[in-house]
1. Taking a virtual spin label 7 Å from the Cα of ARG33 along the C-beta vector, which residues in segment 345-369 bring their backbone nitrogen under 14 Å of it?
2. Stokes-Einstein diffusion coefficient for segment 146-247 at 20 °C in a medium of 1.002 mPa s, Rh from the Kirkwood formula over Cα pairs: what value in µm²/s?
3. Please compute the contact order of the chain in relative form: average sequence separation of alpha-carbon pairs under 8 Å and at least six residues apart, divided by the residue count, as a percent.
4. Given the C-alpha centroids of segment 357-376 and segment 51-84, what is the distance between them in whole angstrom?
5. Please calculate the 1.4 Å probe accessible area of HIS357, with all protein chains present, and give it to the nearest 10 Å².
6. Given a cut-off of under 8 Å on Cα pairs at least six residues apart, what relative contact order in percent is computed for segment 46-114?
7. Binning at 20 Å from 0, report for the chain what percent of all alpha-carbon pair distances ends up in each bin.
8. Consider a paramagnetic label point 7 Å from the Cα of SER177 along Cα→Cβ; state which residues of segment 193-207 have an amide N under 19 Å from it.
Amino acid sequence: MRYNPEMMIGAYAVTVEGVPSMLLNFLDSLRVRANGIPRFQGDGPREIAREVLRRNARKEVLYAGSGHFHFMWVSDFSKSLRGALLTLPAPYLRGRIAYMLQESARLGRVTSCFTARHGFDMPYYRGDNLPWLVHAVSEYSSFTGDGSLISEARPVLADLLENFEKDLLSGGLMPESMTGDWADTILRPSSTYNNLCALRMLGLLAGLGLKSRTDAAAFEKLLLAERWKGDHFIDYAGTDRFSVDAAAYALYFGLFSPEIREAAAEGVRRAGLDRPFPIRNAPAPYDRELMPLISRLSPTYHSCYWLHLGLVWLNGLKRLGEDVSAPREKVEELVERYGNFLETLGADESPYRTFWHSTEYGLSMAAGQYLELTGR
């Protein structure tokens, strides 16, 4: 299939970047254990957020993190974009989008990651890759008023969309064989998050001058019929498990009716998943059957508290017209305590870590989402 071209070992794509990346992760974990989380300079959370993005803005790629995420993930970049446009030069960010488009055109698909040399999948191809690239083109053009990027992107996106729809949307929702998404230590079959990203993409296409073979209204109706349970979304195909990230992104993207978004928000609050600070990514650890062997070394990584997702949640609540000042203050307290934008924390507000793994810091998408929340 077009969307899984590399040699595989189990669920993982085999790339030259994979092993060095794991080693970098482990060495950074040792460094954090010895020296703690590095503190960034800045007078308050806004300046720390800006410093994170400035440090990560390398010549060819925007690093996802400052510790060991030394690649550019298309999803991380796009989640940080609106806030990054308040700090980094617009031409720089436009150049990164143009590079991802160029490399995706060469490969015939949008890969998960990018180095200065090429695009590649790590740890595997994901169903949210193209939707987030479409989002980036739309967000950049809307924010800057620069329509030239859309004109340049349109023929590339048209070809990528045709392949994406044939492979992943021809049967309705994404197939259960698509198990890759942002929660990349878990193999979620046709995650609701992935399908929400696809719905968001379908809603943006007309504004980019693109046509889809997938009927957006029918896709939305099917998604609600199969994944919405009246007060929450389920996590992935074939489960009754509560989905937190689906609720957060339904709010953030402004999908569905206000009534559904309000019900989804209330479901998260009723479950207590927005406390002690926003937001816990899952109500309980995932089944080990959904984890490749390496993931089992950090089995609660994608069920702990994720700062960037909490900020996505707060941005979504803000768009519903809610006052988010109290949870925002809690986020700011954490940023000032550590002098950094952390990736993951435990319920005790300590940085997430295992023997093999420590939380990333200087996380671009957390810094970008915070700047988006606070505005200019």
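1. From segment 345-369, the list is 353-359.
2. On the way: Rh = 14.5 Å.
So the translational diffusion coefficient is about 148 µm²/s.
3. Details: 658 pairs, mean separation 81.1, N = 376.
Relative CO of the chain lands at 22 percent.
4. Each part reduced to its Cα centre gives a spacing of 10 Å.
5. 20
6. Numbers: 56 pairs, mean separation 21.3, N = 69.
Once divided by the residue count of segment 46-114, the mean separation gives 31 percent.
7. 30, 64, 6
8. Within reach of a label on SER177: 194-195.
The values are calculated or read from the model by the stated rules, or taken from the named source; none is laboratory data. It should be emphasised that the depicted structure is a prediction, and the values quoted were computed from it without experimental measurement. So basically every Cβ, Gly included, is an ideal-geometry build from the backbone, and we count neighbours across all protein chains shown. Heads up: the accessible areas ignore ligands, DNA and RNA and are worked out on the full protein's heavy atoms, side chains in. Shrake-Rupley method; radii C 1.70, N 1.55, O 1.52, S 1.80 Å.
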